[in-house]
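Reading through the C-alpha cells given below for one structure.
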Amino acid sequence: MQAKEIQQQLCKEAVALVNTEPLSKSILEEQILSRESFAEILAVTLACQLAGEVTKRPELEALFQEAYKKCPTLLSDAIYDLEAVVERDPACKSYLEPLLFFKGFQAIQAYRVAHALWGEGRSFPAKMLQSIISRKFSVDIHPAAKIGHGILMDHATNVVIGETAKVGNDVSFLHGVTLGGTGNETGDRHPKIGDGVMLGAHAQLLGNIRIGKGAKIGAGAVVVDNVPPHTTFAGVPAVKVGHPSNDMPSLQMQQDFTRDAQ
C-alpha cells in the first residue's frame, strides 16, 4: 500500500470502531480521524507513547514530523512493517491494532527516526530516543544499527540489537532476541541477519557472525558461528538441525524446528 491508502484504511477502521465502541472515540479522533496524512498519524501515535518526564509530546511529535519530511522512506518502511504484522501475526485483526497498541511495531518506527538522526550526526536526540524506547517498550536498539523493512517484532520485550548489527528485509523476531557482542571488543562486532530469517524467542546471536538468507534460529538457541542460508539451527551452542520447509521462514512463522527436514 501507499501512504494515502494506509491512511484511508486506518480511517475506515477507526470510523467503524467509533460507531461500536464509545471508549475508542477520543483516542481515534485525536490520533487518526483528525489527521491529514499517514505521517501525521504515525508522528502523533509515537509521540503519545513516548512522551513523559524526559520529553514532552509536542516536542516529540515535531521531531517525528520533521524526520518524515526529510526522509520519506521512513514512511514506506513503516508501511512494510505494518503490513508484515497484519500478515504474520495471527493475533492481529486490523491495521489499527499494531499502530496503536503493538510495542514491537512502535519501537521499530521510533528506532527508524533515531537512526535517521544518527545519520545526520545528531547523536544526542538519537541516543535520547534509544533511551526512551528502551524504558517504555523494553526494546533496546542502538541508533547506528541498520534494519531493513518488513520487520515483525512479535511481543518484543527484551529485544536487544547492538551498534554494528545489520538486519535484512522481511525478518521476524520473537521476544527476548539478542543481536549482541561477545565481550568488550570494539569495531564491527555484532551479527548480520539476512533476508527472510526467523529468530525464535530468546535466541542469542553473539559476535560478528552472518545468518544466511532464509535461515531459521530455534527458540533459546545460542549462536556464535555463521549460519548458512536456508538452514535451521537450534541448541546451546546452536548446531544445524535441518532446513526450513520454505525459503522465507520469517513469513510462515513455524517455530517447531523439529519438523524441519534434515
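Some values worked out for this structure:
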| read-out | value |
| --- | --- |
| Strands (runs of 3 or more DSSP E) lying entirely in region 179-245 (those with 3 or more residues that are free of Cβ contacts under 8 Å to residues at least 24 places away in the same chain and under 22 Å from Arg259 (Cβ atoms)) | 239-242 |
| Cβ pairs under 6 Å, 6+ apart, first in region 65-77 and in the same structural domain as Gly119 (by TED's automatic domain parsing), second assigned to a loop (DSSP other than H, G, I, E, B) and surrounded by 14 or more Cβ atoms within 10 Å (Cβ to Cβ) | Asp77/His149 |
| Boolean, Leu60 is surrounded by 20 or more Cβ atoms within 10 Å (Cβ to Cβ) and in contact with an Asp or Glu (Cβ under 8 Å, 6 or more places away or on another chain) | no |
| Qualifying residue in region 140-149 (condition: among the basic types (Lys, Arg), surrounded by fewer than 20 Cβ atoms within 10 Å (Cβ to Cβ) and within 26 Å of Ala91 (Cα to Cα)) | no |
| The listed residue being in a helix (DSSP H, G or I) and in contact with a His (Cβ under 8 Å, 6 or more places away or on another chain), out of Ala126, Ala144, Ala156 | Ala126 |
| Per-region count, region 3-27, residues in contact (Cβ under 8 Å) with a residue 24 or more places away in the chain and surrounded by 13 or more Cβ atoms within 10 Å (Cβ to Cβ) | 9 |
| Condition met for Pro237 (surrounded by fewer than 19 Cβ atoms within 10 Å (Cβ to Cβ) and either in contact with a strand residue (DSSP E or B) (Cβ under 8 Å, 6 or more places away or on another chain) or of a type in the set (Gly, Ala, Ser) (or both)) | yes |
| Test for Ala156: is it under 16 Å from Gly200 (Cβ atoms) and either surrounded by fewer than 20 Cβ atoms within 10 Å (Cβ to Cβ) or touching a strand residue (DSSP E or B) at 6+ places or on another chain (Cβ under 7 Å) (or both) | yes |
| Selection from region 212-240 of residues that are in contact with an Asp or Glu (Cβ under 6 Å, 6 or more places away or on another chain) and not small (Gly, Ala, Ser) | Lys213, Thr232 |
| Selection status of Ser172, within 29 Å of Val86 (Cβ to Cβ), in contact with a Lys or Arg (Cβ under 7 Å, 6 or more places away or on another chain), of a type in the set (Ser, Thr, Tyr) and in contact (Cβ under 8 Å) with a residue 60 or more places away in the chain | yes |
| Conditions (1) within 27 Å of Asp154 (Cβ to Cβ); (2) at pLDDT 95 or above: number failed by Glu59 | (1) |
| The lone exception for Ala91 - which of (1) assigned to a helix (DSSP H, G or I); (2) within 27 Å of Leu10 (Cα to Cα) it fails | (1) |
| Residue within region 39-52 that is assigned to a helix (DSSP H, G or I), acidic (Asp, Glu) and in the same structural domain as Ser134 (by TED's automatic domain parsing) present | yes |
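The values are calculated or read from the model by the stated rules, or taken from the named source; none is laboratory data. Note that the structure is a prediction, hence the values are computed from the model and not measured. Virtual Cβ from ideal backbone geometry, glycine too; neighbours counted across all protein chains shown.
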